[in-house]
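Please read the structure below before turning to the comments.
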Amino acid sequence: MDPRTTLAAVLTAQNAPLDVAEVGVPDLAPGQVLVRVEAAGICGKQIDEITGRQGPDKYMPHLLGHEGSGTVEKTGPAVRKVKVGDRVALHWMKGSGIDSEPPRFSRNGAVVSAGWVTTFSRHTIASENRLTVIPGDVPPEAAALLGCAVTTGLGIVFNNSSLRPGDSIAVFGVGGVGVNVLQGARLVNAYPVIAIDVHDWKEEQARRFGATHFINAAKQDALKAVKDLTGGTGADAAVDLTGNAKVRETVYAATSNRGITVFAGVPEAGEQITIESFPLHFGRRMTGSHGGETRPDTDIPRYIGLWRRGQLMLEEQVTHRFPLSRINEAVAVVRQGRAGRCMVLPWAD
């Protein structure tokens, strides 16, 4: 029987705690899929939505989360990609299948909005093209990471940077996506692989996932350190995962004149940066990453293959776990920079 209600975290106001409450589950429209959520990762995008980093939110109240895993419980009309009982990764990047209309949940007679995929709930309704079937032996937390952190991080290396063996890379921000940029760099035998952050505790994590060097930007001049480690030229690829304007300028300056700057962090609404554009005329490049330009239908199975062969760490990325009832504690841990990847387990006590 379909659930008529489900427990969910609802954003009702920016810079306020999420409401954990029962919401009404609507009937499925064409292309929609009902999923029992097993695990959901907290990404920086959700923090941005909660804090209003990109401006006022016109869709409140609404559900949150775009990285998760679960089991299909029901399919709507015209769905062909998944069937009841399939285990799936939930991702925000579009894959194959129907791009359905976003679902509309309810609470106390009012509409609760949602996107094509949300994961901070016990049940969710996702668009068919935001689901990829995964084998049954992939643990829920590992599968959830394939929804954003892993695919974005590896995509930055393989697709945005086109990093080659022996290329140097500087990664500014060792969070959930950052550790996967480091893993990707290790997979292609890049050198040096330089991790930059402002928390000392992240050095151990960075080195575990592939960094050959670590710079604490709160204690060192990060630009000078990157230049020193690359023979004065700057990195072949420099990646920003912070969205901070000053850091983005430093990332660009830390790129070699034949290298590429990848902006993956989301900036404040209306925030601008100043760069020296002259090197762009002679080979330096810059680009923005959109989820690592991931192709979920082909990339997720490839990455599961790497995991099975012991070449990709997944579960090891998770440093904190919280039940859905304590999601505001989980958000606080992420905002304070104390977590690697923080998992929300909707069915945990």
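The values are calculated or read from the model by the stated rules, or taken from the named source; none is laboratory data. Please read all numbers here as calculations on a predicted model, not as lab measurements. Backbone-built Cβ (ideal geometry, glycine too); neighbour counts: all protein chains shown.
Out of Gly175, Gly166, report the one residue that is at pLDDT below 95 and either assigned by TED's automatic domain parsing to the domain that holds Gly265 or not charged (D, E, K, R) (or both).
When all the criteria are applied, what remains is Gly175.
Under 25 Å from Cys148 (Cα atoms) and touching a residue at least 60 places away in the same chain (Cβ under 8 Å): which single residue out of Ala254, Ala245, Ala237 fits that description? Working first, answer last.
Numbers: Ala254 fails: under 25 Å from Cys148 (Cα atoms); Ala245 fails: touching a residue at least 60 places away in the same chain (Cβ under 8 Å).
On inspection, the qualifying residue turns out to be Ala237.
Quickly run through the range 3-47 and pick out the residues that are of a type in the set (Gly, Ala, Ser) and touching a helix residue (DSSP H, G or I) at 6+ places or on another chain (Cβ under 9 Å). Let's see the steps before the verdict.
Taking the range 3-47 as the starting set, the residues that turn out to be of a type in the set (Gly, Ala, Ser) are 8-9, 13, 16, 21, 24, 29, 31, 39-41, 44.
Passing the criteria: Ala8, Ala9, Ala16, Gly31, Ala39, Ala40, Gly41, Gly44.
Glu22 - would you say it is touching a residue at least 60 places away in the same chain (Cβ under 8 Å), in contact with a strand residue (DSSP E or B) (Cβ under 6 Å, 6 or more places away or on another chain) and under 24 Å from Asn180 (Cα atoms)? Outline the logic, then answer.
Values: touching a residue at least 60 places away in the same chain (Cβ under 8 Å): yes; in contact with a strand residue (DSSP E or B) (Cβ under 6 Å, 6 or more places away or on another chain): yes; under 24 Å from Asn180 (Cα atoms): no.
The answer is no for Glu22.
Of everything in the range 201-248, what is of a type in the set (Asp, Glu) and in contact with a strand residue (DSSP E or B) (Cβ under 8 Å, 6 or more places away or on another chain)? Give them in sequence order. Before the answer, list the steps.
Taking the range 201-248 first, the residues of a type in the set (Asp, Glu) are 203-204, 221, 228, 236, 240.
Matches in the range 201-248: Glu203, Asp236, Asp240.
Look at Ala264 and say whether it is more than 20 Å from the chain's Cα centre (by Cα), assigned by TED's automatic domain parsing to the domain that holds Arg285, buried (at least 17 other Cβ atoms within 10 Å of the Cβ) and among the small types (Gly, Ala, Ser). Quick ask: steps written out before the conclusion?
Details: more than 20 Å from the chain's Cα centre (by Cα): no; assigned by TED's automatic domain parsing to the domain that holds Arg285: yes; buried (at least 17 other Cβ atoms within 10 Å of the Cβ): yes; among the small types (Gly, Ala, Ser): yes.
When the stated conditions are applied, Ala264 does not pass them.
For Thr124, are the conditions met, namely being assigned to a loop (DSSP other than H, G, I, E, B), touching a residue at least 60 places away in the same chain (Cβ under 8 Å) and either out of contact with any Ser or Thr (no Cβ under 9 Å at 6 or more places or on another chain) or of a type in the set (S, T, N, Q) (or both)? Can you show your working first?
Values: assigned to a loop (DSSP other than H, G, I, E, B): no; touching a residue at least 60 places away in the same chain (Cβ under 8 Å): yes; either out of contact with any Ser or Thr (no Cβ under 9 Å at 6 or more places or on another chain) or of a type in the set (S, T, N, Q) (or both): yes.
So Thr124 does not fit the description; no.
Going through Ser127, Ser106, Ser96 one at a time, which residue ends up being of a type outside the set (Val, Ile, Thr), within 19 Å of Thr12 (Cα to Cα) and either under 15 Å from the mean Cα position of the chain (by Cα) or in the same structural domain as Val20 (by TED's automatic domain parsing) (or both)?
Numbers: Ser127 fails: within 19 Å of Thr12 (Cα to Cα); Ser96 fails: within 19 Å of Thr12 (Cα to Cα).
When all the criteria are applied, what remains is Ser106.
Applying the selection to the range 143-162, what residues are of a type outside the set (Ser, Thr, Tyr), out of contact with any strand residue (DSSP E or B) (no Cβ under 7 Å at 6 or more places or on another chain) and crowded, with 24+ Cβ neighbours inside 10 Å?
Those that are of a type outside the set (Ser, Thr, Tyr), out of contact with any strand residue (DSSP E or B) (no Cβ under 7 Å at 6 or more places or on another chain) and crowded, with 24+ Cβ neighbours inside 10 Å: Val150, Gly153, Leu154, Gly155, Val157.
Go through the range 106-121 and give me each residue that's assigned to a strand (DSSP E or B) and not aliphatic (A, V, I, L, M).
Of all residues in the range 106-121, those assigned to a strand (DSSP E or B) come to 106-107, 110-113, 121.
If the condition is that a residue be assigned to a strand (DSSP E or B) and not aliphatic (A, V, I, L, M), then Ser106, Arg107, Ser113, Ser121 are the ones that fit.
Given the conditions (1) touching a Cys at 6+ places or on another chain (Cβ under 9 Å); (2) under 20 Å from Gln336 (Cα atoms), which single one is not true for Cys148?
Result: Cys148 fails condition (2) only.
Would you please list the contacts, defined by Cβ atoms under 7 Å and residues six or more apart or on different chains, that run from a residue in the range 75-103 that is surrounded by 19 or more Cβ atoms within 10 Å (Cβ to Cβ) to a residue that is of a type in the set (D, E, K, R) and assigned to a loop (DSSP other than H, G, I, E, B)?
Thr75/Lys83; Gly97/Lys81
In the range 50-65, which residue that is among the hydrophobic types (A, V, I, L, M, F, W, C) and buried (at least 19 other Cβ atoms within 10 Å of the Cβ) is farthest from Val35 (Cα to Cα)?
Ile50
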